[in-house]
Amino acid sequence: MRWTRRRVVLAALGSLIAGAGIAAPLAGAIDPVHEGSDSRVVLSSGRAYILHTPPLLRRLPAMAEGRSAMIVLHGVKDTPEHFESVAGFKAYSDRDGDLVAYPEGVRESFNAGLCCGDAVTYGVDDVSFLSDVVSDLKARGAARISVVGFSNGGMMAYRLACARPDLVDTVGVMSGTLEIPHCDGPIHALALHGLRDTAVPWEGERYSTRLRCFLRDVRTIRSAAPGSTIIIQQLPGFPHRWTVPGDQVDATAEFWKFARMSV
């Protein structure tokens with residue numbers, strides 16, 4: 001067959017169209033998108049959490065299969081949205097492609113045992129709620145679960161992992177303590193605690209007028225969790241808050257790294 005100029009052009013166009021059809025999905029997958037998206041997930045119990053889906057999983061949902069997910073718990077009198085603005089886990093989620101979940105506490109609190117707020121007053125079963133969050137994340141493909149929290153959220157992270165060690169792979173606690181008598185199973189945790197924390201003191205408190213409960217001495221947490229690996233890092237001169245740029249440690253970076261290094 002003779003190749004005229006017209007046939008050469010038509011053949012070239014055909015190849016380009018066919019190639020575009022094959023490459024389009026891949027091009028869409030690798031096209032740089034810098035921000036993920038949030039959605040509010042309401043569980044069958046009526047409780048809800050905010051799910052952050054990173055760009056990679058927005059474009060290729062099947063990529064969630066086998067990946068890690070992090071559950072982030074706010075402190076008392078706080079909200080998922082505000083706490084995220086302080087902690088900034090979304091940036092790490094968008095960078096590494098892991099899901100992040102922000103459960104909503106009842107009246108801005110979680111029942112971590114003795115503490116805190118209305119969740120304790122009303123006897124809210126937050127262990128069951130967070131177990132449902134874990135189940136929902138696993139239904140979306142997540143294989144490993146990390147739970148991180150600040151203050152009351154950190155106490156709740158301890159409680160969930162202690163009650164359901166089968167569901168939680170790693171725990172991250174900032175400015176929190178263990179508010180149940182003991183762990184039902186071994187846990188793997190990293191805790192950061194300021195020595196100038198007056199809300200949840202390092203040495204504990206027989207009765208906290210602020211939180212209206214007993215607060216365990218942080219140094220005794222390991223003895224209440226036999227068989228566990230709990231790394232407790234003191235932050236000299238540090239008060240009761242999340243870290244900010246310029247501090248001696250970046251809590252968000254440390255907890256994210258701890259969760260991923262423990263794979």
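Here Ile50, Ile71 are screened, and the one residue that is buried (at least 20 other Cβ atoms within 10 Å of the Cβ) and assigned to a strand (DSSP E or B) is Ile71. Of the residues making up the stretch 168-191, not a single one is hydroxyl-bearing (Ser, Thr, Tyr), in a helix (DSSP H, G or I) and modelled with pLDDT of 95 or more. Across the stretch 235-259, which residue is nearest to His193 (Cα to Cα) among those that are touching a residue at least 24 places away in the same chain (Cβ under 8 Å) and among the charged types (D, E, K, R)? The selected residue is Arg241. Out of Ser131, Ser135, one residue alone is without any contact (Cβ under 8 Å) to a residue 12 or more places away in the chain, under 25 Å from Ala69 (Cα atoms), assigned to a helix (DSSP H, G or I) and of a type in the set (Ser, Thr, Tyr). It is Ser135.
Among the residues making up the stretch 74-88, a single one is in contact (Cβ under 8 Å) with a residue 40 or more places away in the chain, assigned to a helix (DSSP H, G or I) and surrounded by fewer than 18 Cβ atoms within 10 Å (Cβ to Cβ): Val86. Scan the stretch 220-261 residue by residue and report those that are assigned to a helix (DSSP H, G or I) and more than 18 Å from Gly113 (Cβ to Cβ). Once the filter is applied, which keeps residues that are assigned to a helix (DSSP H, G or I) and more than 18 Å from Gly113 (Cβ to Cβ), the stretch 220-261 yields Ala251, Thr252, Ala253, Glu254, Phe255, Trp256, Lys257, Phe258, Ala259, Arg260, Met261. Evaluation of Lys138 against the conditions (1) more than 28 Å from Leu51 (Cα to Cα); (2) out of contact with any helix residue (DSSP H, G or I) (no Cβ under 9 Å at 6 or more places or on another chain) shows that the sole unmet condition is (1). Selection of the stretch 89-136 for residues being in contact with a strand residue (DSSP E or B) (Cβ under 8 Å, 6 or more places away or on another chain), surrounded by fewer than 24 Cβ atoms within 10 Å (Cβ to Cβ) and hydrophobic (A, V, I, L, M, F, W, C) yields Phe89, Leu99, Leu114, Val120, Val134.
Of the listed requirements (1) surrounded by fewer than 19 Cβ atoms within 10 Å (Cβ to Cβ); (2) closer than 22 Å to Tyr158 by Cα; (3) out of contact with any Asp or Glu (no Cβ under 9 Å at 6 or more places or on another chain), Ser37 misses just one: (2).
The values are calculated or read from the model by the stated rules, or taken from the named source; none is laboratory data. In this text, all values refer to a predicted model and were calculated from it rather than measured experimentally. Reconstructed Cβ throughout: ideal geometry from the backbone, glycine too, with neighbour counts over all protein chains shown.
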